[in-house]
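Reviewing the structure listed below.
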Amino acid sequence: MKIWIKKNRGYIALFIGFGLFRTAVADWNPIPSGSMRPNLLEGDVVLVDRLAYDLKLPLSDIVVAPIGEPQRGDIVTFSSPKDGVRMIKRIVALPGDTVEMRAEALFVNGLAAVYDAPELAREPSETGTLRAVRVTETLGGAARRIQLLSGVPARNSFGPVTVPAGHFLMLGDNRDNSADSRYFGFVPRHLLIGQAKRILVSADIKGNWLPRLERFGQRLQ
């Protein structure tokens, strides 16, 4: 065993270094579900900047030093406070914000989001397809496309609630098909993994498995 380690120590060091890089600096995250549609699709693989917010000890949630501040509208990966599963959602409210949703309409600190540019779409489901409406949600100068589904039971009204210190409220862009803070509560900062920056590669895993070349390298907004 010692001889094998000595002969392959270069490869071992490279493997360990690569592992530490992935757990402390940058990572990639496959998208397994449709909770962030229409902006992220099943089969996208996104680049995650693990140094966007905090420097952590590798392989842990222990914060060594804060680096940057999460912002409303950031797409982030994090460990679910419910069961530890890695998730990807959008930050919609920061510590101290008062947030409310009234029949799909979002309010933050009393400011109502503006919804425009509606577009009808058909969304795949386990029983066929659903009627979807995609709109641009603008709040506090930040805009993103979100999706609303017809005939799907979802928590489309809540609050008002105030986000505790050191916590964030997350929502999926596919508002009626997303397990997010409406179901598992606020996310503490130490559970944030990093900020999703862009799509590295993409393949149609729900269809023919062909690469979606037009999505390669696409920056996330």
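All of the numbers you see were taken from the coordinates with simple rules; none came from a lab. Keep in mind it's a predicted model, so treat the numbers as computed, not measured. Positions of Cβ are backbone-derived with ideal geometry, glycine not excepted, and every protein chain shown enters the neighbour counts.
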Please give the contour-minus-distance gain from Thr162 to Leu59: 0.36 nm per residue of separation, less the Cα-Cα distance, rounded to one decimal in nm. 33.9 nm
Charge context of Asn156, other residues only, Cβ under 10 angstrom, K/R +1, D/E -1: +2
What does the charge dipole of the chain about its Cα centre add up to, to the nearest 20 debye, if the Cβ of each Lys and Arg holds +1 and the Cβ of each Asp and Glu holds -1? 900
Taking 7 Å along the Cα-to-C-beta vector as the label spot, tell me the Val45-Arg212 distance in nanometres, rounded to one decimal. 1.5
Most fluctuating of Asp44, Asp83, Asp74 in the GNM of the chain (C-alpha, under 10 Å) is Asp83
Just going by the charge dipole of the chain, with Lys and Arg at +1 and Asp and Glu at -1 on Cβ, which of Ala113, Ala203, Thr136 is farthest out on the positive end? Ala203
Per-residue ³J(HN,Hα) for the range 178-184, Karplus 6.51 cos²θ - 1.76 cosθ + 1.60, θ = phi - 60°, Hz, x for Gly and Pro: 8, 7, 9, 4, 5, 10, 10
Relative contact order in percent for the range 140-184 (Cα pairs under 8 Å, 6+ apart) equals 45
Longest exposed-site-free window of the chain, the sites being chymotrypsin sites (Phe, Trp or Tyr not before Pro) in a DSSP loop that have at most 15 other C-beta atoms within 10 Å: 1-208
Restrict the search to the range 82-142; then list the trypsin sites (Lys or Arg not before Pro) that DSSP places in a loop and that have at most 12 other Cβ atoms within 10 Å of their Cβ. Lys82
So what is the relative contact order for the chain, in percent, with contacts set as C-alpha pairs under 8 Å and at least six apart? 24
The range 134-221 shape via C-alpha gyration tensor axes, a/c threshold 1.5: prolate
Assign unit charges at the C-beta atoms only (+1 for Lys and Arg, -1 for Asp and Glu), then state the dipole size of the range 171-216 relative to its Cα centre in Debye, rounded to the nearest 20. 160
Only one of the listed values, (i) 160; (ii) 125; (iii) 142, was derived from the coordinates as volume of the Cα convex hull per residue in Å³; which label is it? (i)
Sort the range 18-147 into rounded, prolate or oblate with this rule: let a ≥ b ≥ c be the square roots of the eigenvalues of the Cα gyration tensor; rounded if a/c is under 1.5, and if a/c is not under 1.5, prolate when a/b is larger than b/c, oblate otherwise. oblate
With +1 assigned to the C-beta of every Lys and Arg and -1 to the C-beta of every Asp and Glu, and no other charges, what is the dipole magnitude of the range 19-134 about the Cα centre in debye, to the nearest 20? 120
Compute the relative contact order of the range 130-214 as a whole-number percentage, counting only Cα pairs closer than 8 Å that sit 6 or more residues apart in sequence. 19
What do you get for the angle between helix 9-24 and the principal long axis of the chain? Use alpha-carbon atoms, 0 to 90 degrees, nearest ten. 20
